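K.L.:
There's a structure below that I have some questions on.
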Amino acid sequence: MKTKIIIAAITLLLGVTTNAQETTVLTKEQIKLVHQKDSLINIQAKKEEIQAEKEREKEKKRAEKESEDRIKKEEKRRKEADKATQKLEAAQKKMEKEREKVEKEGKKIAKAQDKLASEKDKLTAINNDIAKSTEKLDKQNKKGKLSPQDITKWNEKLAKMKEKATNQQKKIEKAEKEANKITD
């Protein structure tokens, strides 16, 4: 290949064609010029090869950088996703704690209301007992079956029942305060 290039270069320089019938003898200077031209061609080829190598290296570095950038972006995206997941989990835990707290408060309120209802039922029962005892005392007193001592005993019994009713009313007020305290 080199020899064909050299021959082609020599023929161009000398103006000799392949169909030419006359042959020319090359002088040392002409041979030297042909070698210089060949050297220039070789140097140019090497420069082009070096330039091509530089371009390949540049392209390789660019591809590596793009790959690294893609990897970094993917890592960043993954970290952001992890961070968002952690925030979501933290929010869910907080919501769960709030829900448990509300349930606990609801149970406390229900318990306080049950206690209040129970205390009111007890007061109603005491008041019913007082009413029945008073009615019984009145019936027996109208019939004249009671002695003054029996009347005194009945009155003491009724006074105890009324005191019990008063104490029960205090318990109701206390239960109402507790229920109001919990709901506030």
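K.L.:
Exactly one condition in (1) of a type in the set (Lys, Arg); (2) exposed (fewer than 10 other Cβ atoms within 10 Å of the Cβ); (3) under 30 Å from residue 163 (Cβ atoms) is not met by residue 28; state its number.
P.N.:
(3)
K.L.:
While we're on this one: Please determine whether any residue of the stretch 83-96 is among the hydrophobic types (A, V, I, L, M, F, W, C) and touching an Asp or Glu at 6+ places or on another chain (Cβ under 6 Å). Break it down stepwise before answering.
P.N.:
Step one: filter the stretch 83-96 for residues among the hydrophobic types (A, V, I, L, M, F, W, C), giving 84, 88, 90-91, 95.
Filter once more, keeping what is touching an Asp or Glu at 6+ places or on another chain (Cβ under 6 Å): none.
Looking for residues that are among the hydrophobic types (A, V, I, L, M, F, W, C) and touching an Asp or Glu at 6+ places or on another chain (Cβ under 6 Å), one finds none in the stretch 83-96, hence no.
K.L.:
List every residue pair whose Cβ atoms sit under 6 Å apart, with the two residues 6 or more apart in sequence or on different chains, where the first one lies in the stretch 146-175 and is in contact (Cβ under 8 Å) with a residue 60 or more places away in the chain and the second, anywhere, is among the aliphatic types (A, V, I, L, M).
P.N.:
175/116
K.L.:
Does residue 94 satisfy being of a type outside the set (A, V, I, L, M), without any contact (Cβ under 8 Å) to a residue 40 or more places away in the chain and either surrounded by fewer than 12 Cβ atoms within 10 Å (Cβ to Cβ) or in a helix (DSSP H, G or I) (or both)?
P.N.:
Details: of a type outside the set (A, V, I, L, M): yes; without any contact (Cβ under 8 Å) to a residue 40 or more places away in the chain: yes; either surrounded by fewer than 12 Cβ atoms within 10 Å (Cβ to Cβ) or in a helix (DSSP H, G or I) (or both): yes.
Yes; evaluated as a whole, the condition is true for this residue.
K.L.:
Take the residues in the stretch 140-184 that are over 60 Å from the mean Cα position of the chain (by Cα) and within 21 Å of residue 120 (Cα to Cα), then tell me which one is surrounded by the most Cβ atoms within 10 Å (Cβ to Cβ).
P.N.:
Within the stretch 140-184, the subset over 60 Å from the mean Cα position of the chain (by Cα) is 140-163.
Among the residues that remain, those that are also within 21 Å of residue 120 (Cα to Cα) are: 158-163.
Details: 158: 15, 159: 10, 160: 11, 161: 17, 162: 13, 163: 10.
Going through the qualifying residues, I end up with 161.
K.L.:
Within the stretch 130-139, how many residues are among the hydrophobic types (A, V, I, L, M, F, W, C) and surrounded by 12 or more Cβ atoms within 10 Å (Cβ to Cβ)? Explain how you work it out, then say what you get.
P.N.:
Kept after step one, since they are among the hydrophobic types (A, V, I, L, M, F, W, C), are these residues of the stretch 130-139: 130-131, 137.
Now drop any that are not surrounded by 12 or more Cβ atoms within 10 Å (Cβ to Cβ), which leaves 130, 137.
Of the residues in the stretch 130-139, 2 are among the hydrophobic types (A, V, I, L, M, F, W, C) and surrounded by 12 or more Cβ atoms within 10 Å (Cβ to Cβ).
K.L.:
What pairs can you find where one residue is in the stretch 28-44 and among the aliphatic types (A, V, I, L, M), the other is surrounded by 10 or more Cβ atoms within 10 Å (Cβ to Cβ), and their Cβ atoms are less than 6 Å apart, with a gap of 6+ or different chains?
P.N.:
34/10
K.L.:
Residues that are touching a helix residue (DSSP H, G or I) at 6+ places or on another chain (Cβ under 6 Å), closer than 30 Å to residue 159 by Cα and surrounded by 10 or more Cβ atoms within 10 Å (Cβ to Cβ): does the stretch 103-111 have at least one? Spell out the reasoning first.
P.N.:
Initially, the stretch 103-111 is screened for residues touching a helix residue (DSSP H, G or I) at 6+ places or on another chain (Cβ under 6 Å), giving 108-109.
So of that shortlist, the ones also closer than 30 Å to residue 159 by Cα come out as none.
No, the stretch 103-111 has no match at all.
K.L.:
For the stretch 127-139: of the residues being over 60 Å from the mean Cα position of the chain (by Cα) and touching a residue at least 12 places away in the same chain (Cβ under 8 Å), which is farthest from residue 163 (Cα to Cα)?
P.N.:
First pass over the stretch 127-139, keeping only residues over 60 Å from the mean Cα position of the chain (by Cα): 128-139.
From the residues that got through so far, the ones that are touching a residue at least 12 places away in the same chain (Cβ under 8 Å) too are 129-130, 133-134, 137.
Details: 129: 13, 130: 11, 133: 14, 134: 15, 137: 18 Å.
The selected residue is 137.
A short reminder: the numbers here are calculations on the coordinates, not readings from a lab. Model, not experiment: these values are computed from the prediction. Quick reminder, even Gly has a Cβ in these numbers, built from the backbone with ideal geometry, and neighbours come from all protein chains shown.
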